[in-house]
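The values are calculated or read from the model by the stated rules, or taken from the named source; none is laboratory data. Keep in mind it's a predicted model, so treat the numbers as computed, not measured. FYI the Cβ positions are ideal-geometry reconstructions off the backbone, even for glycines, and counts take in every protein chain you see. Surface areas here come from the heavy atoms of the whole protein model, side chains and all, with no ligands, DNA or RNA. Shrake-Rupley method; radii C 1.70, N 1.55, O 1.52, S 1.80 Å.
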Amino acid sequence: MDLRKTVRKAVIPVAGNGTRFLPATKAMPKEMLTIVDRPVVQYAVDEARRAGIEHIVFVTSRNKHSIEDHFDDTPELISALESSGKMKQVSELEAMLPTAGSVSFTRQQAPLGLGHAVWCARDLIGNEPFALLLPDMLCYGARGCMAGLMDLYSVSGGNVLGVEQCAPEEVSSYGIVARGEPVQHGFAVTGMVEKPPTSEAPSNFYLNGRYILQPEIFDVLAKQTRGAGNEIQLTDAMRTLATRQPFHAHPYAGKTFDCGSKHGFIEANVAFALDRDDIGDAVYESLKEMVLMHENRIQAA
């Protein structure tokens, strides 16, 4: 069994309902909510491409047509922008447009969990290792997390997980891995547990929504019984696969924002806005003013 085949494809699940962002997501997919001026899902695609991914497989659901439209050509819009002399915007739109045949879409007809969403991509992935990026988890740093996973995969092969460290008291909110022997770009994973009590957590390294998985995960998922939330859990399937194949983890040097939560979404907007040459200084000054106003209100209360 070759566990070092080139990783060419990535799965991006975009089938969730986005109930935590209602009413904004009543008619708009949560993945199309913007961080400054780019949809959340665009950041995941860009990260995958920079890591060398050639083909993106989106797992969608009903009412997600705008995601497909976002990654399609818009000749009328391009023509209008060119007529107005807005060539910078034309270049930006053309740069993010996938090449023909490099994007596929498949449906998850029922909300049965992340494991089931991944399983729905099985025929489009085939017998190849693949990357998995959860678009809600937005990586912020000089380098995307998936590129680091690729570095580790080139050394270890097998299955690779993106991880970060959280405060020890926060481990019960995450999937946590047990840390084994160090290797270049990461360490061996000796165990995984979903949302453990603080006293039982094997470490404070949590899964940050980036994975490289071998295709045998599909056979495991096909037989996987429902777990937490009455859903097919990817972590359960990975624990089963770990009895047969090696798992390693790459600690991400940046920060991951959980854009599935309001708090993480706002944090991400602030962080990415401050990094912008065109608006960063103005946003910084506005934030200072708003913080001061907030502190004054608290003192006056």
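All other residues whose Cβ lies under 10 angstrom from that of residue 255 are scored, Lys and Arg at +1 and Asp and Glu at -1, for a net of -2.
Where nothing but the Cβ of Lys and Arg (+1) and of Asp and Glu (-1) is charged, how large is the charge dipole of region 1-137 around its Cα centre, in debye to the nearest 20?
It comes to approximately 500 debye.
Look at the dipole of the chain built from charges on Cβ: of 189, 166, 132, the Cα furthest out on the positive end belongs to 189.
Under a no-solvent Debye model with one identical scatterer per Cα of region 1-146, what's log10 I(q)/I(0) at q = 0.09, 0.12 Å⁻¹? Cα-only, vacuum Debye calculation for region 1-146: -0.30, -0.54. Taking every C-alpha pair closer than 8 Å and separated by at least 6 residues, the mean separation divided by the residue count of the chain gives a relative contact order of 22 percent. The shape of region 9-260 comes out prolate: with a ≥ b ≥ c from the C-alpha gyration tensor, a/c is at least 1.5 and a/b beats b/c. Each of 89, 13, 104 was scored by the projection of its Cα onto the charge dipole of region 9-260, and the greatest displacement toward the positive side belongs to 13; charges sit on the C-beta of Lys, Arg, Asp and Glu.
When DSSP beta bridges are restricted to pairs lying wholly in the chain, around 60% turn out antiparallel.
Qualifying GluC sites (Glu not before Pro) in region 1-104, where qualification requires a DSSP coil assignment and no more than 15 other C-beta atoms within 10 Å, comprise 54. Put a plus charge on the Cβ of each Lys and Arg, a minus charge on the Cβ of each Asp and Glu, and nothing anywhere else: the dipole of region 159-276 about its Cα centre is then about 180 debye. Think of the chain as having a plus end and a minus end, set by charges on the Cβ of Lys, Arg, Asp and Glu; of 146, 57, 34, 57 sits farthest toward the positive end of this dipole. Computing Rg and the Kirkwood Rh from the Cα coordinates of region 1-78 gives a ratio, Rg/Rh, of 1.04.
What region 9-260 shows is 46 Å² of accessible area per residue, with the surface traced by a 1.4 Å probe over protein heavy atoms.
When both region 272-301 and region 240-267 are represented by their alpha-carbon centers, they are found 29 Å apart. Taking the 1.4 Å solvent-accessible surface of the chain as the whole, the part contributed by carbon and sulfur is 51%. Using Cβ point charges alone (K and R +1, D and E -1), the dipole size of the chain about the Cα centre works out to roughly 780 debye.
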